[in-house]
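Below: one structure, written as structure tokens.
The values are calculated or read from the model by the stated rules, or taken from the named source; none is laboratory data. The model shown is predicted, which means the values in this text are computed figures rather than measured ones. Here the Cβ positions follow ideal geometry from the backbone for every residue, glycine too, while neighbour counts run over all protein chains shown. Ligands, DNA and RNA are stripped out before the accessible areas are found, and what is left, the full protein with its side chains, is counted by its heavy atoms. Shrake-Rupley method; radii C 1.70, N 1.55, O 1.52, S 1.80 Å.
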Amino acid sequence: MKVLFLNGPNLNLLGTREPQIYGRTTLADIEASVRDKAGSLKVEVEFRQSNSESELVGWIQRARECFSVIVINAAAYTHTSVAIRDSIAACGLPAIEIHLTNTHAREAFRRESFLTPVCKGVIAGFGASSYLLALDAAITVKAA
Ligand code: CA2
């Protein structure tokens, strides 16, 4: 089983800016902890980040060739992107939406997600642990 972790715009800045909101852990740190856990669960993972909506859509469209589940933190595109939503709906793989922060406890515009209706479920508000919880969720949805 291979899980594709997709990360949207500005998540490359994690750990370097706005630590009061997003913490001091970098995306590379998160990837390392996910890889560690995945190794012990005998699951393969791939991590990608892009600031480009088009690149994210392309990765989702081609995910079926190599992966069983998509885990996506689409960042700001969560609240704006019909294109990412449509590509998830069309890709034929189960997807899990994740967020570092509890988007329902922040600004009103973050309460709406274009992706939730086409995802199996959502994990939000647990910081870097949202990614580790998503690995368990990916195994659960694959087995279902
Ligand atoms: O909580 C999350 O994971 C979010 O997806 C993060 C997005 C935000 O737009 C969503 O509403 C919730 C923002 C990612 C930006 O990441 C930064 C990291 C460090 C410094 C600045 C931005």
Could you list all residues from the range 3-39 that are among the basic types (Lys, Arg) and within 21 Å of Val69 (Cα to Cα)?
Arg35, Lys37
Counting only residues that are within 9 Å of the ligand (Cβ to nearest atom) and in a loop (DSSP other than H, G, I, E, B), which one in the range 92-102 is most open to solvent (accessible area, probe 1.4 Å)?
Asn102
Could you tell me whether any residue of the range 27-34 is surrounded by 15 or more Cβ atoms within 10 Å (Cβ to Cβ) and free of Cβ contacts under 8 Å to residues at least 40 places away in the same chain?
yes
Which pairs turn up if I take residues in the range 6-20 that are among the acidic types (Asp, Glu) and assigned to a strand (DSSP E or B) and look for partners that are open to solvent by less than 10 Å² (accessible area, probe 1.4 Å) and more than 7 Å from the ligand (Cβ to nearest atom) with beta carbon separation below 7 Å, at least 6 apart in sequence or on another chain?
none
What tally of residues in the range 67-81 results from selecting those that are more than 13 Å from the ligand (Cβ to nearest atom) and surrounded by fewer than 20 Cβ atoms within 10 Å (Cβ to Cβ)?
1
Which numbered condition in (1) open to solvent by 50 Å² or more (accessible area, probe 1.4 Å); (2) touching a residue at least 12 places away in the same chain (Cβ under 8 Å); (3) part of a loop (DSSP other than H, G, I, E, B) is the only one that Arg64 fails?
(3)
Can you tell which of Ala89, Ala137, Ala105, Ala143 is more than 10 Å from the ligand (Cβ to nearest atom), open to solvent by less than 50 Å² (accessible area, probe 1.4 Å) and small (Gly, Ala, Ser)?
Ala137
Filter result (open to solvent by 30 Å² or more (accessible area, probe 1.4 Å), touching a Ser or Thr at 6+ places or on another chain (Cβ under 7 Å) and touching a residue at least 12 places away in the same chain (Cβ under 8 Å)) within the range 108-123:
Arg110, Phe114, Val122
